[in-house]
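Some notes on the structure that comes next.
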Amino acid sequence: MSEYIKKVEALEIVKRTNGDYAATFSEIRKLPTADVEPVVHGKWLPTNDKDKKRCSNCDVIHLICQYPNGNINFCPNCGAKMDLE
């Protein structure tokens, strides 16, 4: 499993250790890791019903008109951000 750290903190360690690779690696290994998930992107695809849209990521059809202004920026089923054109 991948581990993610803050780039700014790692760069500060590199600056502070000034070329001492053993110290740099040791300190970077001690940095706390973040709990992250990859972001999935998708778009709403039309269906035969103007009030329903299909998610391009998971193919689940949703009743879009139940959301304010008929617009929703994520899929309630898979969580995909609806930012693709």
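Any idea what angle helix 21-30 forms with the longest principal axis of the chain, computed on alpha-carbon atoms, 0 to 90 degrees, nearest 10? The answer is roughly 40 degrees.
Extension gain for Leu11-Leu84 works out to 23.0 nm (0.36 nm per residue, less the C-alpha to C-alpha distance). The stretch 1-43 and the stretch 45-65 have Cα centres separated by 40 Å.
If you wrap a convex hull around the Cα atoms of the stretch 1-50, how much volume per residue is inside, in Å³? All intermediate terms of the calculation are to be shown ahead of the outcome.
Values: hull volume 6.0 nm³, N = 50.
Per-residue hull volume (Cα only) is 121 Å³.
Could you give the size of the charge dipole of the chain about its Cα centre, using +1 on the Cβ of each K and R and -1 on the Cβ of each D and E, expressed in debye and rounded to the nearest 20? The dipole magnitude comes to about 120 debye. Taken along the Cα-to-beta-carbon direction at a fixed 7 Å, the label points for Asp59 and Ser2 span 2.7 nm.
Tell me, in nm to one decimal, what length is gained between Asp35 and Asn48 on full extension, where the rule is 0.36 nm per residue of separation less the Cα-Cα distance? The partial results should precede the final answer.
On the way: separation 13, 0.36 × 13 = 4.68 nm, distance 3.98 nm.
Difference between extended and current length: 0.7 nm.
Can you list the equivalent-ellipsoid semi-axes of the stretch 37-85, largest first and in whole Å, using the square root of 5 times each Cα gyration tensor eigenvalue?
Numbers: eigenvalues 61, 25, 16 Å².
Each semi-axis is the square root of five times an eigenvalue, giving 18, 11, 9 Å.
All other residues whose Cβ lies under 10 angstrom from that of Cys65 are scored, Lys and Arg at +1 and Asp and Glu at -1, for a net of +1.
Every read-out reported here was derived from the displayed coordinates using simple, explicitly stated rules and does not represent laboratory data. Computed from a prediction, not measured in an experiment: that's the story for all the values here. Using ideal geometry, Cβ is built from the backbone for each residue, glycine included, and neighbour counts are taken over all protein chains shown.
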